[in-house]
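Worksheet: one structure, shown below.
The values are calculated or read from the model by the stated rules, or taken from the named source; none is laboratory data. Computed from a predicted model, the values in this text were never measured in an experiment. Don't worry about glycine lacking a Cβ; one is built from the backbone with ideal geometry, like all the others, and counts go over all protein chains shown. Side chains included, ligands, DNA and RNA excluded: accessible areas come from the protein's heavy atoms. Shrake-Rupley method; radii C 1.70, N 1.55, O 1.52, S 1.80 Å.
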Number of protein chains: 2
Amino acid sequence: MKIDSRLSSVLHALLHMAERGSPLTSDELACCMRTNPVVVRRTMGFLRKAGIVSSSKGHAGGWSITADLTQVTLRQLHEVLGEPAVFAIGNRHERPECLVEQSVNAALDGAFQEAEALLLDRFSQITLAQLAEDFACRFDQTRPKKD
Amino acid sequence: MKIDSRLSSVLHALLHMAERGSPLTSDELACCMRTNPVVVRRTMGFLRKAGIVSSSKGHAGGWSITADLTQVTLRQLHEVLGEPAVFAIGNRHERPECLVEQSVNAALDGAFQEAEALLLDRFSQITLAQLAEDFACRFDQTRPKKD
DNA sequence: ATTTCACGTAATAAATAAAGTTACATGAAA
DNA sequence: TTTCATGTAACTTTATTTATTACGTGAAAT
């Protein structure tokens, strides 16, 4: 199953942008995410439309964060990316005529909806600022002698 | 994203088999599941290896349930099918060197693990017998005049 | 016996969707 | 006016699931 890693990708990009003050180009982001600059532009375009980042052309251009890191949650980013399907498993037919299949779907849907609600709730409780702080801790731990 | 609907499929098949006393052929199952008999045999083969169903060749052959419907849970079936990946979204790289990406992964993994645990817990609480009963209710509701 | 039926399985093809790539237009700064 | 960087369309690649074809095995009916 090929999974959608765009949320992971944009988070990675956003944190790098938060670390660096000046704009990062699509090529730079593509390099640290091991992907292609066009893919970066395509994906970051969703965030631009949502006002989370801005892009500028020409010399010293690139991508910058415009939103407040404490206000952007993972859930918002998930929505901005078009709320892609969360699950890789699911019903064979969405609206079956067969009563047997309707029972099966009802049972599975109930479980999936609960799990998705939990996931989105967790996503809504994590902000970019928290991730940036977590990164700062990890970074400090790699330089234990700095006292 | 192409989702794995095998769990849905085998549940559908198992309930049809529970309704009917005699064995159902792969062609019959394929017909009601709108798929191919070879796909049915391939998927049901996992359940046969797990001792949930048996198959017989020749005239009047086909698939039968051997397990107790009250003992088979959706979680067991999920395991029998090889515990396929639950989520369609995930990390870009599983073990990144980049500290930024490690922070991102840690946050996402935590949420995913909680949601998966909830889903599997729900799955473990639903038995084939419960689904069969749910179907019986739906069936009765389509024949309200029967008294 | 032998014909029919149905599963078992390998090998291959088709379908699907994300990701990657190419190409070129737009616009800003040096 | 040259260089740099984004914006986007179109196309290709890649990975994976599902579907299909083909043939083998074995059980039951005639």
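Data overview
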{"quantity": "Within chain B, longest stretch free of exposed trypsin sites (Lys or Arg not before Pro) [DSSP loop, at most 14 other beta carbons within 10 Å]", "calculated": "B:58-144"}
{"quantity": "Nearest-20 debye value, the stretch B:6-141 charge dipole, Cβ charges on Lys, Arg, Asp, Glu", "calculated": "640 debye"}
{"quantity": "Pairwise centroid distance, computed over Cα atoms, of the stretch A:54-82 with the stretch A:10-38, Å", "calculated": "11 Å"}
{"quantity": "Derived scalar couplings ³J(HN,Hα) [the stretch B:128-139; Karplus, 6.51 cos²θ - 1.76 cosθ + 1.60; whole Hz; x for Gly, Pro]", "calculated": "4, 4, 5, 5, 5, 5, 4, 4, 4, 4, 4, 5"}
{"quantity": "Local electrostatic count at B:Val40 - Lys and Arg +1, Asp and Glu -1, tallied over other residues with Cβ under 13 Å", "calculated": "+4"}
{"quantity": "Carbon and sulfur %, accessible surface of the protein assembly as shown computed with the full protein complex present, 1.4 Å", "calculated": "49 percent"}
{"quantity": "Under-5 Å amide H pairs with B:Thr25, H placed in peptide plane, nonlocal only", "calculated": "B:Trp63"}
{"quantity": "For the stretch B:102-129 versus the stretch A:100-134, the gap between their alpha-carbon centres in whole angstrom", "calculated": "9 Å"}
{"quantity": "Solvent-accessible area buried by B and A, counting both chains, probe 1.4 angstrom, square angstrom", "calculated": "4800 Å²"}
{"quantity": "Tail weight of P(r) past 18 Å, computed on alpha-carbon pairs of the stretch A:1-45, percent", "calculated": "20 percent"}
{"quantity": "Over the stretch B:62-117, volume per residue of the alpha carbon convex hull, in Å³", "calculated": "106 Å³"}
{"quantity": "If the convex hull is drawn through the Cα atoms of the stretch B:6-141, its volume per residue in Å³", "calculated": "137 Å³"}
{"quantity": "Kirkwood-type radius of the protein assembly as shown, with distances r between different C-alpha atoms, in Å", "calculated": "21.9 Å"}
{"quantity": "In nm, spacing of pseudo-spin labels at B:Ser56 and A:Ala60 (7 Å Cα→C-beta vector)", "calculated": "8.3 nm"}
